[in-house]
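A.B. asks: Pasting in a structure now, in structure tokens, and then I'll have a few things to ask.
The values are calculated or read from the model by the stated rules, or taken from the named source; none is laboratory data. As the structure is a prediction and not an experimental result, all values here were calculated from the model. Here Cβ is always computed from backbone atoms with ideal geometry, including for glycine, and neighbour counts include all displayed protein chains. All accessible areas refer to the heavy atoms of the entire protein, side chains included, with ligands and DNA or RNA removed. Shrake-Rupley method; radii C 1.70, N 1.55, O 1.52, S 1.80 Å.
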Amino acid sequence: MGQLLDAVTAAPGSGRAILDAATREVVGYAPVHDTADLDAAIAAARAAQPDWDALGDDARRDLLRRIADDIEASAPELGALITREQGKPDGAGEVHGAAMWTRSAAETQIGPEVLADDGEHRSEIHYEPLGVVASIGPWNFPVMIAVWHIAPALRMGNTVVVKPSEHTPLSVLALVEVFNRHLPAGVLTAISGDREVGARLAAHPDVDKIIFTGSTATGRRIVESSAHNLARLTLELGGNDAGIVLPDVDVPAIASKLFWGAFMNTGQVCAALKRLYVHDDVYDVVVDALASIAAGTPIGSEGEGRRLGPVQNPDQFSIVSRLVDDARSRGARIVTGGEPAPELGPLFYRPTIVADIEDGAQLVDEEQFGPVLPVIRYTDVDDAIRRANASSQGLGASVWSSDVAAAAAVAGRLQAGTVWINAHGGLNPQVPFGGRKASGYGVEFGIEGLKAVAAQKVVNF
Ligand code: NAD
């Protein structure tokens with residue numbers, strides 16, 4: 001398939017077969033690293049860190065700029081690998097995002113800050129490397145999320161060991177290959193292993209910081225291991241984002257944005273719209289508009305234009321099917337979809353809009369992480385806000401209205417790390433992103449993201 005894949009794939013006899021998400025053909029073989037490989041990677045990262053720090057901020061920024069250009073140049077090949085392994089039709093789009101976030105980590109300004117100065121005494125805060133940073137990632141945006149972890153950590157003078165998801169290791173190994181065309185040995189190492197290797201990495205006594213993006217259940221385990229190694233944590237966990245549509249909304253103007261807020265990457269987005277509360281006055285019009293877009297959106301892994309790919313893996317496919325079946329059995333209305341599309345491949349599921357469903361149904365209360373949106377009717381906005389906030393998760397939320405001030409007032413009452421108005425899910429590399437409640441703690445991106453991979457030292461003059 002190309003040089004990058006050839007460089008990272010193992011010999012068929014020694015590696016684990018990784019399947020194309022759409023066709024289930026073998027894409028390549030992931031090396032199977034064990035705990036000895038992990039220990040060696042951490043020792044190499046520890047040994048390389050002082051020189052990487054001593055290289056200085058300007059030199060590291062220059063390297064990151066060059067790496068960003070190289071990531072961009074690899075978009076056709078790396079993007080095609082993402083499409084096969086992860087399933088998203090526009091794999092190159094994810095690569096462009098990875099280049100953008102790498103560049104942003106290079107360009108963000110950070111330096112000592114003066115906290116107090118009365119003419120006689122001055123206190124400054126300085127940002128220094130933590131040491132060895134571990135990155136543990138998920139399968140939905142394997143390359144972009146790896147960059148979210150790696151680029152800020154490298155910029156701040158840390159060395160990094162990255163453990164991709166066992167579902168999407170090849171594209172992250174290929175990304176690391178691109179980084180390592182520019183980096184000294186030991187500064188960045190990828191370890192391809194399963195959840196046991198992840199657990200060992202999280203518990204390792206020689207790791208200073210863990211950036212974890214994945215499920216809330218795994219996040220809790222990582223918190224437990226951090227009681228022993230006292231690794232600092234950034235936890236980007238699951239979401240069950242609510243959207244609230246106010247009665248004054250202009251439905252034709254927002255319908256497409258609502259749809260893609262929920263169905264981008266086939267719904268496999270941490271901060272996708274996952275429960276939509278719609279006022280009774282516009283409920284039927286919104287449901288019909290969403291169903292018509294869903295029914296008209298092409299599915300398949302190849303072709304021009306925006307389309308929906310497969311669900312990435314069989315376990316996630318089972319979750320999506322179970323949640324829809326439960327909704328159906330409770331009498332909810334499957335307006336469109338509600339079934340697999342086996343003619344396209346075993347993991348395709350038709351985009352599904354479910355109406356006349358209530359809180360308490362599994363599809364509303366649990367994270368579906370797939371191409372299904374439950375639409376819930378409300379009559380009182382205070383009640384909708386209460387239901388939106390009733391979730392244990394608090395990643396994102398959105399409010400939809402023709403009156404921005406009214407939407408902002410509702411936004412102020414929602415318990416989420418990010419609230420969008422008349423949009424859902426857009427991210428900016430300079431704007432901090434993170435969750436509340438069981439969606440995790442700490443933030444990524446921008447200057448706050450750099451501070452999250454730095455030790456803070458106060459110097460008093
Ligand atoms: P997951 O928790 O199953 O796996 C994530 C990673 O953790 C994998 O690399 C896995 O090998 C590793 N792992 C598993 N057990 C481990 C352990 N005990 N210790 C250390 N590592 C371990 O999550 P997933 O299914 O890959 O991803 C889907 C979830 O990720 C969804 O809940 C989604 O909302 C969430 N997510 C969150 C964000 C965010 O920014 N908040 C972004 C993307 C995905």
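A.B. asks: Out of 449, 440, I need the residue that is over 27 Å from residue 287 (Cα atoms) and assigned to a loop (DSSP other than H, G, I, E, B). Which one? Don't jump to the end; show me each part of the working.
C.D. replies: Values: 449 fails: assigned to a loop (DSSP other than H, G, I, E, B).
440 is the lone residue from the list that is over 27 Å from residue 287 (Cα atoms) and assigned to a loop (DSSP other than H, G, I, E, B).
A.B. asks: Within segment 143-168, restricting attention to residues that are near the ligand (Cβ under 9 Å from one of its atoms) and not polar (S, T, N, Q), which residue is surrounded by the most Cβ atoms within 10 Å (Cβ to Cβ)?
C.D. replies: Checked segment 143-168; the qualifying residue surrounded by the most Cβ atoms within 10 Å (Cβ to Cβ) is 163.
A.B. asks: Can you pull out the residues in segment 407-435 that are of a type in the set (S, T, N, Q) and in contact with a strand residue (DSSP E or B) (Cβ under 6 Å, 6 or more places away or on another chain)?
C.D. replies: 415, 418, 422
A.B. asks: Just to confirm my filter: which strands (runs of 3 or more DSSP E) fall fully inside segment 182-282 and include at least 2 residues that are modelled with pLDDT under 95 and more than 18 Å from residue 435 (Cβ to Cβ)?
C.D. replies: Those strands (runs of 3 or more DSSP E) do not exist here; none qualify.
A.B. asks: Looking at residue 414 and the list (1) more than 16 Å from the ligand (Cβ to nearest atom); (2) in a strand (DSSP E or B); (3) among the hydrophobic types (A, V, I, L, M, F, W, C), which single condition is not satisfied?
C.D. replies: All conditions are met except number (2).
A.B. asks: Select, from 217, 190, the only residue that is within 12 Å of the ligand (Cβ to nearest atom), within 22 Å of the chain's Cα centre (by Cα), over 25 Å from residue 105 (Cβ atoms) and open to solvent by 10 Å² or more (accessible area, probe 1.4 Å).
C.D. replies: 217
A.B. asks: Within segment 374-389, does at least one residue satisfy the condition of being outside any strand (DSSP E or B), open to solvent by 10 Å² or more (accessible area, probe 1.4 Å), farther than 21 Å from residue 410 by Cβ and of a type outside the set (D, E, K, R)?
C.D. replies: No: zero hits.
A.B. asks: Residue 426 - would you say it is over 28 Å from residue 337 (Cα atoms) and within 15 Å of the chain's Cα centre (by Cα)?
C.D. replies: No; evaluated as a whole, the condition is false for this residue.
A.B. asks: Separate question: Run down 201, 246, 230, 237 and say which single residue is near the ligand (Cβ under 8 Å from one of its atoms) and over 19 Å from the mean Cα position of the chain (by Cα).
C.D. replies: 201
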